[in-house]
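The values are calculated or read from the model by the stated rules, or taken from the named source; none is laboratory data. Model, not experiment: these values are computed from the prediction. All Cβ positions, even for glycine, are placed from backbone atoms using ideal geometry, and neighbour counts span all protein chains on display.
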Amino acid sequence: MLHRKKFIISLSLFALVLTGLAAFRPQDKKPKHNFKVLPKDISHDDLKKVMDGWCQALGVKCGFCHAPSADSTSHRLDFASDAKPEKNIARSMYKMTGKINKKYFSFNKDEKGEVIPAISCITCHRGNPHPGEVK
């Protein structure tokens, strides 16, 4: 009889612990990234370099392409969101410059044989969000 009580108490405690752990389980979150033109395995440092380059070339901050978080209490950006059209425009222009560099400047290669981009965002934007605009 004593053995049965210990078993029931142990089983009850185990169930209680499992219930408690389930309550604190992290909720399914949206992915942090939504890479469509950049490599999926890009390092954080390389991603930061690319984004900083785009910000400088267009003279903008991150919020120009990235939408604010849906959580109004947070003053953060939702980097995975495609809510702002500027983000898809940036993707298209990134692909466009890649095609131009490949087609017209493929002879321009580094020691690894990789094409050195001859044109980039700064070529047309020159620190302005919209090409041809004067600040």
- Name the residues in the range 95-123 that are surrounded by 14 or more Cβ atoms within 10 Å (Cβ to Cβ) and out of contact with any helix residue (DSSP H, G or I) (no Cβ under 9 Å at 6 or more places or on another chain), would you? Gly98, Ile100, Asn101, Phe105
- Residue pairs qualifying under the 9 Å Cβ cut-off, at least six apart or on distinct chains, with the first in the range 89-111 being closer than 22 Å to Pro131 by Cα and the second being among the hydroxyl-bearing types (Ser, Thr, Tyr) and part of a helix (DSSP H, G or I), are Thr97/Thr123
- Taking the range 16-34 and the residues there that are under 14 Å from the mean Cα position of the chain (by Cα) and not charged (D, E, K, R), the one that is modelled with the lowest pLDDT would be Pro31
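Just checking, how many residues over the range 40-63 are surrounded by 10 or more Cβ atoms within 10 Å (Cβ to Cβ), outside any helix (DSSP H, G or I) and either of a type outside the set (D, E, K, R) or at pLDDT below 80 (or both)?
The total comes to 3.
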- Query: In the range 64-80, what residues are in a loop (DSSP other than H, G, I, E, B) and either small (Gly, Ala, Ser) or at pLDDT below 95 (or both)?
  - Reply: Ser69, Ala70, Asp71, Ser72, Thr73, Ser74, His75, Arg76, Phe79, Ala80
